[in-house]
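The values are calculated or read from the model by the stated rules, or taken from the named source; none is laboratory data. Values in this document were obtained by computation on a predicted structure and should not be read as measured data. Because the Cβ atoms are built from the backbone with ideal geometry, glycine has one as well, and the counts that use them run over all protein chains shown. Protein only, heavy atoms only, side chains kept; ligands, DNA and RNA dropped before computing areas. Shrake-Rupley method; radii C 1.70, N 1.55, O 1.52, S 1.80 Å.
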Amino acid sequence: MRLAIISDIHGNLAAFEEVLADIDRLGADEIMCLGDNVGYGPDPEGVVGLLRFRGIPSVMGNHELAIVDKSHLTWFNPYAKIALLLTESLLSRNTMELIENLPSTVITNGHLFVHGCPPDEINTYLFELSLDEFKERFTRMREDICFVGHTHELLLVSYGDGLITWKRLGKGSMRLPEDHKHIVNVGSVGQPRDGNNNAKYVLWDDKTHLLDVRFVPYDIRKTATRIIAMGFPRTFADRLW
């Protein structure tokens, strides 16, 4: 099965549409989303509506969690709080109900999907973990591979022979060792922070163990202009470039 994994769309409908077009061209069998579909960007309702229309399952991200439970707003800086409150005002009741019912994790076909960090943490970043904490999580993981988002950066963390290895991921394909466990950070569709402004996602082939990192160009100006026009903090438009 060839699985496309997307994350951190952040209301960037223009980027999301181009990523879906790329996925369709490549003929992925299924798509999974790792949350943070809203926040920062100008089209949260459009993004969630397209996820619903395409039947793409999603876990809950920290931005969805903060909309559902306002106590989590304390995790966000002032600009992000402004963006989240504006985002909430743009969501329909049906979309709010969908967000409220997002699971923290999905496990399917031997794959674990979570926004922040395995086994089920939404707010934790991978870079916050020590080597001992990574080993503990890998040991507890029943699955051989876990896909996460949250950092907006592409990263592979692997565990085998008692050792933890890190690898920054770039565009292209690589085969993952079958005798290791892996955590794959799939980057961001809607607001990459890895020095490259293309939309990012990954394709995973569980038969060949090939991981293909995809870079997809989109109309950045369109999204940036809408961010400013909708009243979101300008910083979220500037970041896209």
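Please list log₁₀ I(q)/I(0) at q = 0.13, 0.15, 0.19, 0.21 Å⁻¹ for the range 46-168, using the Debye equation with identical point scatterers on the alpha-carbon positions.
Scattering profile of the range 46-168, log10 relative to I(0): -0.61, -0.78, -1.11, -1.26.
With every protein chain present, what is the per residue accessible area of the range 1-148 (1.4 Å probe, Å²)? Write down the numbers at each step before the final one.
On the way: 6180 Å² over 148 residues.
Result: 42 Å² per residue.
Net charge near Cys117, counting Lys/Arg +1 and Asp/Glu -1 over other residues with Cβ under 12 Å of its Cβ?
Residues near Cys117 contribute -3 overall.
Taking the chain as the reference, fit the longest principal axis to its C-alpha atoms, fit the long axis of helix 131-140 to the helix C-alpha atoms, and give the angle between the two in degrees, 0 to 90, nearest 10.
Roughly 80 degrees, rounded to the nearest 10.
Apply the a/c threshold of 1.5 to the C-alpha gyration tensor of the range 106-183 and tell me whether it is rounded, prolate or oblate. Please list the in-between numbers first.
Working: a/c = 1.14, a/b = 1.05, b/c = 1.08.
It is rounded, given that a/c, with a ≥ b ≥ c, falls under 1.5.
Would you list, by chain and number, the lysines whose Cα falls below 21 Å from the Cα of Lys135, excluding same-chain residues fewer than 8 positions away?
Lys167, Lys181
Over the alpha-carbon set of the chain, work out the extent along each principal axis and list the three values in angstrom, largest first.
52, 40, 32
Grab the DSSP H runs of the chain that are 4 residues or longer, score each as -39,500 (n - 2.57), total them, divide by all residues and round the 222 nm result to the nearest 500 deg cm²/dmol. Write down the numbers at each step before the final one.
Values: 8 runs with 76 residues, N = 241.
Computed mean residue ellipticity for the chain: -9000 deg cm²/dmol.
What whole-number value in Å² describes the accessible area per residue of the range 150-219 for a 1.4 Å probe?
43
For the range 18-78 and the range 150-185, write down the distance between their C-alpha centroids in whole Å.
So the two Cα centres are separated by 23 Å.
Taking the 0 to 90 degree range and rounding to the nearest ten, how far is the long axis of helix 13-26 tilted relative to the main principal axis of the chain, both from C-alpha atoms?
40
For the chain, with only Lys/Arg (+1) and Asp/Glu (-1) charged at the beta-carbon, what is the dipole magnitude about the Cα centre, in debye rounded to 20? Intermediate values should be presented prior to the final figure.
Numbers: 25 positive and 33 negative charges, 122 e Å.
Approximately 580 debye in magnitude.
Within the accessible area of the chain, what % is carbon and sulfur when the probe is 1.4 Å and the other protein chains stay in place?
Details: 5260 of 10510 Å².
Looking at the chain in its full context, I get 50 percent from C and S.
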